[in-house]
Amino acid sequence: MTQSFDFARPNIGLLERWGHWAPPLLKLSIASSIALGFQNDAASSLGLLLRLGLIVFVILTWLQMRQHDRRLCESCAAAIPLNASEQAHKHVRKFATAHAGSNLKVVVPYLVILLGSNLLLTVPHGRWPWAVIQASMIYLISAHATHRRLQPWCPWCSDGGGGTEQVFDGPDLPRGRGRQLV
Ligand SMILES: [Zn+2]
Ligand SMILES: [Zn+2]
């Protein structure tokens, strides 16, 4: 059994690292996609091929990130800051954004806007609003990564994911659960 684990290890290690580094990789991919949108030959076959390659890479990276987020990663655990509860205070907006990402009433209209924004590329000067809408994904990934890093201190998660807000000022701060993890 130990042997089979050792055989599988290099592969798992690589995939784990891919999942661990998914947020910066995704941000870089989105930034590259925006940069490609500003190229004059964006509609050329090479431009389309590059964008298609990016989409495939983003999907695979996203899947690795989901896989990574299912269990406690050693590198992530080691990176939990000592002043995590203090940092959590600063990131309440990102926590709210991360939780909105699992609400279909928010996600569906957002995806419609995100996909629909591609039509702006056909309009003169439409690239700038298109780029801003696309760049919102960078913030979303950042919110997801911050939430994942500081999840034990997220007020929404600490309340069993029930969606109640602003429990920071209450007596039951989510620090209690944090202690279990650290
Ligand atoms: Zn990790
Ligand atoms: Zn949460």
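A few comments on the model shown:
- Residue match in the stretch 26-38 (condition: in contact with a helix residue (DSSP H, G or I) (Cβ under 8 Å, 6 or more places away or on another chain), surrounded by fewer than 16 Cβ atoms within 10 Å (Cβ to Cβ) and touching a residue at least 60 places away in the same chain (Cβ under 8 Å)): yes
- Some residue of the stretch 84-107 being more than 16 Å from ligand 1 (Cβ to nearest atom), small (G, A, S) and not in a helix (DSSP H, G or I): yes
- Cβ-Cβ distances below 7 Å connect the following pairs, each with a first residue in the stretch 77-92 that is closer than 19 Å to H20 by Cα and of a type in the set (V, I, T), a second residue that is at pLDDT below 85 and within 16 Å of ligand 1 (Cβ to nearest atom), and a separation of six or more residues or different chains: I80/V182.
- Conditions (1) away from ligand 2 (no atom under 16 Å from the Cβ); (2) polar (S, T, N, Q); (3) over 17 Å from the mean Cα position of the chain (by Cα): number failed by S85: (1)
- Apart from one condition, L72 fits all of (1) assigned to a helix (DSSP H, G or I); (2) in contact with a helix residue (DSSP H, G or I) (Cβ under 8 Å, 6 or more places away or on another chain); (3) aliphatic (A, V, I, L, M); the exception is (1).
- Filter pass, R66 being under 25 Å from R149 (Cβ atoms) and assigned by TED's automatic domain parsing to the domain that holds C154: no
- Exclusive hit being farther than 24 Å from H20 by Cα and modelled with pLDDT of 85 or more, set W153, W128: W128
- Against the conditions (1) crowded, with 16+ Cβ neighbours inside 10 Å; (2) more than 16 Å from ligand 1 (Cβ to nearest atom), P129 satisfies every one except (1).
The values are calculated or read from the model by the stated rules, or taken from the named source; none is laboratory data. The shown structure was predicted, so the numbers you read here are calculated from the model rather than taken from an experiment. As a convention, Cβ positions derive from the backbone with ideal geometry for all residues, glycine included, and neighbour counts pool all protein chains shown.
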